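Below you'll find the structure, written out as structure tokens, and then a few comments.
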Amino acid sequence: MKKTFLSFFLILLTSSSALSQADDRKNKKINESNNELILNKNNVNFGLGSGLIAFSANTTYERLIAHKKICSTLSLGLNYLYINFFSEDHLFIPSLRYGIMTGIHSKHHFEVNAGPILPAVISDGLDFVALDFVSEGILLGFNLGYRYQYQDSKIFRTGFGFPELFYVGFGFSF
């Protein structure tokens, strides 16, 4: 079951990356206007997070889908979570999320995302490092945050989520 899910996730990750590019340059931008902010459809973000007993590092690829006043987002993420509470745990967490981003015509955005995550404990053996999927299986990951989109494709993000914790992130759009 775990190998099947991991294979499905790998196929989903590679196919969405290949199909996410626009065919022509005119359709690359979400909204074309002279006086409005133009958002690119693809984003890549890198972030660091912290809690009282845990620290995280994450990277996320997002695809924006424009609507009249909001954007829908579909994102794929990879998270590393270090927990130091009675014992040291290292987790590798792939995620797939769907979300909503407000403020399509401004630089300031409120964002909410949720979706399945599959935590895997990184165990260090004598000769190799192995991933052992958590017995609970698929969990729910989420984040609630603020995004500032610069005019020149730079992105600043901050917020709270699981497994990101209280995070700060930087990225770029294309």
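The values are calculated or read from the model by the stated rules, or taken from the named source; none is laboratory data. Given the structure is predicted, the values throughout are model-derived calculations rather than measurements. FYI the Cβ positions are ideal-geometry reconstructions off the backbone, even for glycines, and counts take in every protein chain you see.
Answer with yes or no whether residue 166 is in contact with a Gly (Cβ under 7 Å, 6 or more places away or on another chain), modelled with pLDDT of 90 or more and in a strand (DSSP E or B). Spelling it out, residue 166 is indeed in contact with a Gly (Cβ under 7 Å, 6 or more places away or on another chain), modelled with pLDDT of 90 or more and in a strand (DSSP E or B). Those strands (runs of 3 or more DSSP E) of segment 82-147 in which at least 3 residues are under 25 Å from residue 53 (Cβ atoms) and either touching a Cys at 6+ places or on another chain (Cβ under 8 Å) or at pLDDT 90 or above (or both), considering only elements entirely within it, cover 87-102, 108-117. Residue 48 meets each of the listed conditions (1) at pLDDT below 90; (2) of a type in the set (A, V, I, L, M, F, W, C); (3) in a strand (DSSP E or B) apart from (1). Taking the listed residues 87, 75, 123, the one that is free of Cβ contacts under 8 Å to residues at least 12 places away in the same chain and in contact with a strand residue (DSSP E or B) (Cβ under 9 Å, 6 or more places away or on another chain) is 123, with no other qualifying. Scan segment 129-174 for residues that are within 14 Å of the chain's Cα centre (by Cα), closer than 17 Å to residue 83 by Cα and crowded, with 16+ Cβ neighbours inside 10 Å and the total you get is 7.
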